[in-house]
Every structure is written in structure tokens, then in C-alpha cells.
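The values are calculated or read from the model by the stated rules, or taken from the named source; none is laboratory data. Owing to the predicted nature of the structure, the values given are computational and were not obtained by experimental measurement. Don't worry about glycine lacking a Cβ; one is built from the backbone with ideal geometry, like all the others, and counts go over all protein chains shown.
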Amino acid sequence: MSELVVVFADEDARRAVQAMIKRGVGRCLSPFDARYLRHTGRDARVAQQPVEFLRESAALHATSRYLVLWDHQGSGRERQAPRDVEADVCRMLVGAGIAEANVEAIAFVPELEAVYGAAWDRVHSVLSELGKPADSVPFDGALPKESLDAARKRHGIKRLDPRLHEQLGERLPLGKLKSEPDSPLHRISQALQTWFPKATEQ
């Protein structure tokens, strides 16, 4: 049984966020045992049937902590406010026997790539290192995936794939990425620091 279970809707998010979480261990988090799960049903199933997936994965335990993450775009619940969907996903897990304090459900709005906008200058620096130097392209918060795809093309990177997201998760400045209190990464960080606070040195 893992202390933390993180549910993702796709491999891009799993690779990026897992890399960021691992960077926090030892810096602002105490070590913990984690299980990172990718739902094959993608955003819609994560936002609509998270409990069934956790049961199928033998990952539903009363004492574990849960982070459930998905893109609001493509969730099938776009007509609802993201926070309302998040609250509903939390209620599903609580109804399955998980304490409310042990659940955090977070939608990336409109999708994962939106979090990179807070460090867009550094995104271009990383892409320059991985590909070739080039002028930057503007970031469009309404079309974040398209913005990242345009940037990787500008820098001569062949494809936008999970490994690229992992490299961004490993290299982008976490302070910038979670600087806004309402940002998904700030909320993820706050939940993890509540559950696994770094021990105070004596």
C-alpha cells in the first residue's frame, strides 16, 4: 500500500508532474512511497469514474493520500466550472471511504501545457538546449498545447512527446511554475507539503 497515489489522464502529465514531485522530495517534502497511475480512459474517465479505476488498479486504501489530475478540456464536463468538477471528484473518493483531508482533485485548465506559461522564457531555454537556438514564439493561454508545439517546431525538436514533458518537469523552475496561488502546481505543492512536510532539522 502506497502513502500517495497519483492518478493521471495521460502519459504527458504523468512524466511532467512526476518529475516535478521527485524534485521536491528532500527540498520541501519528506520522502514517501508513491504510486503513479495513468488511466487509459484519459480525461473523461478520470473526471467521471476515478473510483472504478482505483478499484481496478487495487489502489483504493483508506489510509493513502490521493491526487487526481486531468485536463478540463476533453473531460466531457467542460460545461461545468472546473472547481465544481474537482469537488465532485473529491466527493466520489470520499464516498468510497477516503477521508476528505486525504484527497485533492485538480483540473488543468484548459490542459496541462497551461502550467508552462508561468516560465515560458525558461521553456524556450530548455528547448534551445534540446534542439537549436531560435527566436521565441508567444504563449497563448487559451491554446497552450498549440503554443508548446509551435515552440518545439521552432527549435527543431521532432515531436511533442512524453519524454519532452519529462525534461521540462526536470528543468523548469518550480518557484515560477507554482507562483500563482490558484495554479494547479501551487495546489499540488500545498497538498503534498500538508501530507508530507519536511522534518524540521534539530
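Some points to look at:
- When segment 147-164 is filtered for residues that are without any contact (Cβ under 8 Å) to a residue 12 or more places away in the chain and surrounded by 15 or more Cβ atoms within 10 Å (Cβ to Cβ), the ones remaining, listed by number, are Asp149, Lys153.
- Residue match in segment 46-53 (condition: more than 23 Å from His165 (Cβ to Cβ) and among the charged types (D, E, K, R)): yes
- Look at (1) in the same structural domain as Tyr66 (by TED's automatic domain parsing); (2) surrounded by 18 or more Cβ atoms within 10 Å (Cβ to Cβ); (3) out of contact with any helix residue (DSSP H, G or I) (no Cβ under 6 Å at 6 or more places or on another chain); (4) not hydroxyl-bearing (Ser, Thr, Tyr) and you find that Ile106 fails only one, number (3).
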